[in-house]
Amino acid sequence: MKEIVVTHTKLYEEINVWGVKVMEETIYIRMRHSVQTRPQETVYLKDLAQIIADENILTALKNLPIHKVSDEDNNIIVIDVMKVIERITRELHSIEVQTIGPSQTIVEVIYKKKGVSIPFFILIWCLLFLGSALAIMYFHEDVSMQQTQQRIYAIITGKVEKKPLLFQVPYSIGLGVGMVLFFNHVFRKRLNDEPSPLEVEMFNYQQDLDRYVSLTENKESMKRIDGH
Amino acid sequence: MVIKIAFVIFLGLAGGLAVGSGFVAFLTVLGIIPRLTQLTKTMKMIVWYQWAVVLGALIGGFASLRDPALYLSSFILIPLGAAGGVFVGMMAAALTEVLNVFPILAKRIGLEEKIVILMMAFVFGKIFGSLYQWIYYVAD
């Protein structure tokens, strides 16, 4: 009979203590999607995540070193939230970490601010220019554009014209206008402030890359039989 | 005889159905009409745009099959050509976008900031190639 009473009180105390602790020392972290850093730098928790915590531990948390960038690291490091929680609980005992949002952060190590070499750029530009010029000529030949335009000329005016330039020159200019319209860029000036399909496409491509990297570069996210 | 005629009619209808639905499917994949409504903020009129495409295809089909002659001023060809060019240009742009050309290219050569200049290479290349073809390349 006595024993049961003791356990009861203990149980009561524990719950009480636990309850108080939860109220005081729950911290919330939200991993950032991707961050950039430089070689040989230390990545702190404040760089990797947004933190909500009690004032007296917030500074300590913010300056908690998580990872030191070394030469073995390639230019992409994936830091899993598990590693972050492990570091936090090692430093500050009896703390409850609530994570919100992404479960890993992609750390991109920027080695050197690479300047674009102008000759290289001009080369690529000329390549695209000539390639695109040839491509449109191939397209026109493929769909017999010349004959079609001659016939349109004949339908409208009733006259036969070998070179219906009156139709073809506006057509050629319209070609460029159409491309610019589609991408919503008139030499960097916007027609309206919605993102252009190109920007959306760049964003999607980056997202796909990030998703790939966060799964393949993160050693903990996959386990293979062959001990990978 | 009747069977022959009926079969030819049926065949023509079937061919038209296949080509027409293919044309619409192609336009839908490229998303030119949504893009135009987004630019001009005329989402509510999209049904009319749909009929414009259908009507255009019908008139184009009629003109190419029957060869009518309208004896109109040749200056009407200028807006017609410009409109046709814009349409083909948008198709070309949409096609490069579907194929993810620009993002991959810009990323590969580290030119994410200057992507607009790269795009301008495409635009001017198209204009130049087209003009060159019509003015010099085609035989008289």
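Just so it is clear, none of the values below were taken in a lab; they were calculated from the coordinates. Given the structure is predicted, the values throughout are model-derived calculations rather than measurements. Ideal geometry is used to build each Cβ from the backbone, glycine not excepted, and the neighbour counts take in all protein chains shown.
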**Fill in**
Between the modelled labels at residue B:109 and residue B:46 (7 Å from Cα along Cα→Cβ) the distance in nm is 3.6 nm
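Below 14 angstrom from the Cβ of residue B:67, what's the summed charge of the other residues (Lys, Arg +1; Asp, Glu -1)?
+3
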**Request:** Diagonalise the Cα gyration tensor of segment B:1-137 and give the resulting equivalent ellipsoid semi-axes, square root of 5 times each eigenvalue, largest first, whole Å.
**Result:** 35, 21, 17
**Cross-link table A:219/B:114; A:163/B:126; B:44/B:114; A:223/B:107; A:112/A:223; A:83/A:112, entries beyond 24 Å C-alpha to C-alpha** = A:219/B:114; B:44/B:114; A:223/B:107; A:112/A:223; A:83/A:112
**Fill in**
Expressed in angstrom and rounded, the centroid-to-centroid distance over alpha carbons for segment B:81-140 and segment A:117-189 is 9 Å
**Asked** Residue-wise, which Karplus ³J(HN,Hα) couplings in Hz belong to segment A:86-96, taking 6.51 cos²θ - 1.76 cosθ + 1.60, θ = phi - 60°, and x for glycine or proline?
**Response** 4, 5, 5, 6, 5, 7, 10, 6, 6, 10, 9
**Prompt:** Across all directions of projection, what mean area in square nanometres is found for the Cα convex hull of segment B:1-68?
**Reply:** 6.1 nm²
**Message:** How big is the dipole moment of the protein assembly as shown about its Cα centre under a simple scheme where the beta carbon of each Lys and Arg is +1, that of each Asp and Glu is -1, and everything else is neutral? Debye, nearest 20, please.
**Reply:** 1320 debye
**chymotrypsin sites (Phe, Trp or Tyr not before Pro) within segment B:38-78, DSSP loop, no more than 15 other Cβ atoms inside 10 Å** = B:71
**Prompt:** How about segment B:1-97: which trypsin sites (Lys or Arg not before Pro) there are in a DSSP loop, with at most 14 other Cβ atoms within 10 Å of their Cβ?
**Reply:** B:41
**Fill in**
Computed on Cα atoms, the radius of gyration and Dmax of the protein assembly as shown in angstrom are 31.8, 115
**Prompt:** If you plug each phi of segment B:71-78 into the Karplus form 6.51 cos²θ - 1.76 cosθ + 1.60 with θ = phi - 60°, what whole-Hz ³J(HN,Hα) values come out, in order, with x for Gly and Pro?
**Reply:** 6, 9, 4, 6, 6, 4, 5, 5
**Message:** How would B:132, A:212, A:171 line up from fewest to most surrounding beta-carbon atoms within 10 angstrom?
**Reply:** A:212, B:132, A:171
**Prompt:** What's the exposure ranking of A:182, A:120, going from fewest to most Cβ atoms within 10 Å?
**Reply:** A:120, A:182
**Item:** Estimated dipole of chain B in Debye, rounded to 20 [Cβ of Lys and Arg +1, of Asp and Glu -1, Cα centre]
**Value:** 280 debye
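How big is the charge dipole of segment A:50-205 about its Cα centre, in debye rounded to the nearest 20, if each Lys and Arg gets +1 on its Cβ and each Asp and Glu gets -1 on its Cβ?
So the dipole magnitude of segment A:50-205 works out to roughly 1000 debye.
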